[in-house]
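Every number in this text was worked out from the coordinates using simple rules, so none of it is lab data. The structure presented is a predicted model; accordingly, all values stated were derived computationally and were not measured. Neighbour counts run over all protein chains shown; Cβ positions are idealised from the backbone, glycine included.
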Amino acid sequence: MRLDYDVLCKVKGNPSAETATGRRLQLDPELKEYPYDMPKELITAVMKQFPPERWTKLDAESDEQFLQRLANEFMEFLMDKADSDEYRDRTGEMINLVAQQTGISFPHRFERYLELGVLSLRPRDPWKIAQATTKVLKLRSFNCSLAKLFSERGITQCEKFCLAGAGVIAERIGETLIMEQTAQAEPDEYCELTFRREAK
């Protein structure tokens, strides 16, 4: 016997409407167009805030202090801008919403800010996410223009800048991560940073 779908819906209700409040996502009935990519204006804002003349050490400042200070200033600025109404994109909104609903924050929220950091400071550099799980995230950078800039100024431990910036992200999103450089540009031809979530 063939079941009539309309009759079945009257008896059982529409299965697609069986959503627990605040748990399931529903499609936007207005079918709006959302910007999913990072706004190019964010790159302009970062470049304006961090011009080349800011990338110099203060008097009596060690290389490590300089990299730590600059990374903190940069990442605080970037995260504030990325989450502002002016620059927030749909990807960021959905990542945060899914994290709230599932309770799973890593690597998605962390990765978003990490990627925005790479894209806004060195938009032409080749890079990739080599691994992304709920326990480990690996970022690989090739021919890093930041490393070249630091090298020209006699700073050799440029990974401290990236790790310090990642530390700001982890602190602000409430994650405790083990962060380390797991491959250097020479002789491996790429720099790899690994972020591991500490077991709770």
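Hey, among the residues in the range 58-71 that are more than 15 Å from the chain's Cα centre (by Cα) and touching a residue at least 60 places away in the same chain (Cβ under 8 Å), which one's nearest to ALA199 (Cα to Cα)? Only one residue fits best here, namely GLN68.
Would you say LYS135 is of a type outside the set (A, V, I, L, M, F, W, C), touching a residue at least 40 places away in the same chain (Cβ under 8 Å), touching a Lys or Arg at 6+ places or on another chain (Cβ under 6 Å) and farther than 16 Å from LEU70 by Cα? It is true that LYS135 is of a type outside the set (A, V, I, L, M, F, W, C), touching a residue at least 40 places away in the same chain (Cβ under 8 Å), touching a Lys or Arg at 6+ places or on another chain (Cβ under 6 Å) and farther than 16 Å from LEU70 by Cα. If you check ARG112 against the conditions, is it out of contact with any helix residue (DSSP H, G or I) (no Cβ under 6 Å at 6 or more places or on another chain) and farther than 22 Å from THR56 by Cβ? Spelling it out, it is not the case that ARG112 is out of contact with any helix residue (DSSP H, G or I) (no Cβ under 6 Å at 6 or more places or on another chain) and farther than 22 Å from THR56 by Cβ. Taken over the range 96-117, residues that are surrounded by 17 or more Cβ atoms within 10 Å (Cβ to Cβ) and either under 11 Å from the mean Cα position of the chain (by Cα) or not in a helix (DSSP H, G or I) (or both) amount to 12.
Residues that are part of a helix (DSSP H, G or I), without any contact (Cβ under 8 Å) to a residue 40 or more places away in the chain, of a type in the set (Gly, Ala, Ser) and crowded, with 16+ Cβ neighbours inside 10 Å: does the range 80-93 have at least one? Scanning the range 80-93 turns up at least one residue that is part of a helix (DSSP H, G or I), without any contact (Cβ under 8 Å) to a residue 40 or more places away in the chain, of a type in the set (Gly, Ala, Ser) and crowded, with 16+ Cβ neighbours inside 10 Å. For the structure I just gave you, tell me whether GLU159 is acidic (Asp, Glu) and buried (at least 19 other Cβ atoms within 10 Å of the Cβ). It is true that GLU159 is acidic (Asp, Glu) and buried (at least 19 other Cβ atoms within 10 Å of the Cβ).
Those helices (runs of 4 or more DSSP H) of the range 145-200 in which at least 2 residues are within 29 Å of ASP83 (Cα to Cα), considering only elements entirely within it, cover 145-152, 159-173.
Any chance the range 146-167 includes a residue that's over 16 Å from the mean Cα position of the chain (by Cα) and closer than 25 Å to ASP89 by Cβ? The answer is yes, given that some residue of the range 146-167 is over 16 Å from the mean Cα position of the chain (by Cα) and closer than 25 Å to ASP89 by Cβ.
The residues in the range 50-92 that are under 15 Å from VAL168 (Cβ atoms) and out of contact with any Gly (no Cβ under 8 Å at 6 or more places or on another chain) can be counted, and the count is 11.
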